[in-house]
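These notes are about the structure you will find just below.
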Amino acid sequence: MTVPDTARLVRIGLDGGLSAAEGALLVRGDAHPFALAGDWAGGGALIGSEPLVVAGPDEDPFELLDRQPAVAESDSEGVGGGWFGYLGYNLGARLERIPPPPPRRVPLPDCVLAFYDHLLHLDGDGRWWFEALWTDERADALSARLDLLRARLVEGVRERPVWVGNFQPAPPGGTGHVSAIDDCRERIAAGEIFQANLCLRLEAEWKGDPLDLFARTAGTLEPRHGGVIAGPWGAVCSLSPELFLRRRGREVVTEPIKGTAPRTAGLGPADASRAALASSLKDRAENVMIVDLMRNDLGRVCEYGSIEVPALNEPRQAPGVWHLVSTVRGRLRPDAGDSDLLRASFPPGSVTGAPKIQAMRVIAELEAGGREAYTGAIGFASPVAGLELNVAIRTLEMSGERIWMGAGGGIVADSVAESELEECFVKARPVIAAAGARLIEEPRVTRVAPVPALAGGADRPDPALGVFETILVHGGTPVDLRAHLARLERSVETLYGSALPDDLETRIIAAVATAPLQRLRVVATSTHVDVDPQSLSAEPPPDPVSLAPAVLPGGIGAHKWRDRRLLDELAERLGAVPLLLDLDGDVLEAAYANLFIVEGTHLVTPPLDGRQLPGTVRARVLALHPASEERLTLDRVAAADEILLASSIRGIHPARLADGEEPHFHLGARLRAALREDRLGAAGEGGRS
């Protein structure tokens, strides 16, 4: 199916008494359901499912918004249908040159959009309507949908139980967030930026249906711009108070939020925190910076002289907090469409910073985890009702049984790091409480004084350059082949949405069948997979390696990147193999190997939490010898009896800190011998993993 060229708006009144939040349950179990509740289209709710068209991953999401049927003008206040979904924060990289993001712990699609030619609309007066962009070709299908949705509305629906575990900050946690804020303030002092919005990620486990979760949370919080988008990929449940863009005809409005204070229960509109926020010079200055940014963004596509600011720094209530909200308005040029408007203004300025592009660069360097839908936008583009998008904050994101949300704030020159961290918690607590969970705030720990890995000219690894596996070959047989291919397959599926060639294992075995001792490299990109045999003159000896610590927020992540520019530059700068730490002081891994330490007779390694590579040799060592998986500090590594590195080519070998003592290699030597026998024995049996 395709988007029709022409349609007519049809509205049919329905009987039903469900609230806006409860309306989401009407499409539970349908394909590609969505629900918007709050001030959308004049107030009420928009509910839909079973779209006519689902956008593909390679389509331009901005261009799609202009792909609308021609609909005859009507005096009706309806919406009818259109494109509904979300635009994720990472779409900003398609508009501006910014560095690759930090590791994406649980990637969601960069955007989810679908065209719906019908929906349910709860208007501002509390009446439900069936609305459609009616065409003769779809008349029978639309009539059937009308009958089905009318029956569901009359029968009513019941919310099902949802379980949500307690949330806690994802690594590097609150301590890492404080360190990032301190670094950001240094950049502001150096004149690099004026403000950047830094985010803390909070994570939990959950079970249930996202539409039930939305009914629960939106029913409790009554957000002005709430919405849920769900599909086979997962779901996004937004309880946002912020309007990003609203276009009606040619008029465009944005209402950026900057400035937050907790609400004091029982004091109503005279709340002392409201007055303090309204008079806060810091918060007002923050807001004005973003107002100027949004005026500039809208000015790129609006008529000259039409930009105005009818409201500046107004205190408004949101769940559990007060916000300062401003309004910027303009008149779109006759030759500009919704795609032009989004290209000029996305992602929202209130969740990036000023200047926007450089602030996005700082975000990519200082945040430890990549953003998904969070700080993008959720909403619709309709041929009848125009464009309306929220800023996707106070937003729960879900994939499988994992749930997470981001909470952040604008960092300026006089920000106090601990106060900014508390602001993140202030924003998150009402959402988490509405979900039936609680926030666990870990105790503060001593921060590290890091050597920043990104202080040179190289950025994080570019996923477009591919991922690879280096496989040891013994006697013509690849060692740990299946484990390497399983890891590569996970990366290719996660990063590029594709699968490895069916004949890859056969190609690899054919390539090394006659080689007595060598290594083989398999490189995969979004378009191809190459097999490259490489000679080794001899098995690398267990020579000690010198390690120098450097901090990389979020680490390198769980993929073996082909782009080694950052690590190579860092090694040259340090004069040693980089030992990567996160902002909270957690030691993660060396540049090319997993890390183990020996304390007495105990073997310890950092746990796999998405910040480091799940090494094949690491897995074999854990199977051969009892070991603990524990968070490690640099002080603990320095005090260890042995420091060991584990890589697929060099096996287990000793290391020392660059300023440390000569390394011991006792338990490490025994592990190396046992590992070599185990791996080569496996190779002789056909490369089992």
Given Cβ charges of +1 for Lys and Arg and -1 for Asp and Glu, the option among VAL54, LEU133, GLY85 whose Cα lies farthest towards the positive end of the dipole of the chain is GLY85
Placing each pseudo-label 7 Å from Cα in the direction of the beta carbon, GLU630 and ALA144 end up separated by a distance in nanometres of 6.3
Here the gain from full extension of ILE509 to ILE649, 0.36 nm per residue of separation minus their alpha-carbon distance, amounts to 48.6 nm
The size of the Cβ-based charge dipole (Lys, Arg +1; Asp, Glu -1) of the chain about the Cα centre, to the nearest 20 debye, is 440
Between the residues LEU221, ALA658, ILE290, the Cα farthest towards the positive end of the dipole of the chain, that dipole coming from +1 and -1 charges on the beta-carbon of Lys, Arg, Asp and Glu, is from ALA658
For the range 22-63, the per residue accessible area (1.4 Å probe, Å²) is 31
Taking the dipole of the range 291-397 about the Cα centre (Lys, Arg +1; Asp, Glu -1; charges at Cβ), the one of VAL362, PRO310, PHE346 that reaches farthest to the positive side is PRO310
With +1 at each Lys and Arg Cβ and -1 at each Asp and Glu Cβ, the charge dipole magnitude of the range 510-568 around its Cα centre, to the nearest 20 debye, comes out at 140
tail above 21 Å in the computed P(r) of the range 151-277, as % of all Cα-Cα pairs, reads 66
Here, the range 508-562 modelled as identical Cα point scatterers in vacuum has Debye log10 I(q)/I(0) at q = 0.14, 0.26 Å⁻¹ of -0.68, -1.05
Simple spin-label estimate for SER546/GLU422, 7 Å along Cα→Cβ, in nm, reads 4.6
For LYS258, the lysines lying under 25 Å Cα to Cα, once residues fewer than eight places off in the same chain are dropped, come out as LYS282, LYS356, LYS427
Once normalised by the length of the chain, the mean sequence separation of its alpha carbon contacts under 8 Å that are 6 or more apart gives a contact order in percent of 15
Rounded to whole Å², per residue accessible area for the range 107-198 with a 1.4 Å probe reads 43
With the label point 7 Å along the Cα-to-beta-carbon line of MET1 and a cut-off under 11 Å to each amide N, the hits in the range 83-123 are 115-119
Expected sort for 210-216, 28-34, 338-344, 539-545 on mean C-beta neighbours within 10 Å, highest first, is 210-216, 338-344, 28-34, 539-545
Whole-percent carbon and sulfur contribution to the accessible surface of the chain (1.4 Å, no ligands, DNA or RNA) stands at 50
One point scatterer per Cα, no solvent, Debye formula: log10 I(q)/I(0) for the range 552-632 at q = 0.10, 0.27 Å⁻¹ comes out as -0.25, -1.40
Kirkwood calc, the range 373-490, C-alpha pairs only, radius in angstrom 20.1
For the chain, the helices passing both cut-offs (Cα extent along own axis of 20 Å or more, Kyte-Doolittle mean at least -0.5, full DSSP H runs) are 139-155, 173-189, 281-299, 417-434, 481-496, 667-684
per DSSP, antiparallel bridges as share of beta bridges in the chain, % nearest 5, sits at 90
If R0 = 25 Å, then TRP163 and SER19, at their Cβ-Cβ distance, give a FRET efficiency to the nearest 0.05 of 0.65
The orientation-averaged projected area of the Cα convex hull of the range 303-378, in nm², is 7.1
Here the chain gives, from Cα atoms, an Rg and Dmax in Å of 27.3, 84
Computed, not fitted: 222 nm per-residue ellipticity of the chain from DSSP H runs ≥ 4 (each -39500 (n - 2.57)), nearest 500, equal to -8000 deg cm²/dmol
In nm², the average projected area of the convex hull spanned by the Cα atoms of the range 431-571 is 13.4
Expected sort for 133-146, 570-583 on mean C-beta neighbours within 10 Å, highest first, is 570-583, 133-146
Rounded to whole Å², per residue accessible area for the range 604-664 with a 1.4 Å probe reads 43
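The values are calculated or read from the model by the stated rules, or taken from the named source; none is laboratory data. Keep in mind that what you see is a predicted model, and the values were worked out from it rather than measured. All Cβ positions, glycine included, derive from the backbone under ideal geometry; neighbour counts span all protein chains shown. SASA here: full protein model, heavy atoms, side chains in, ligands and nucleic acids out. Shrake-Rupley method; radii C 1.70, N 1.55, O 1.52, S 1.80 Å.
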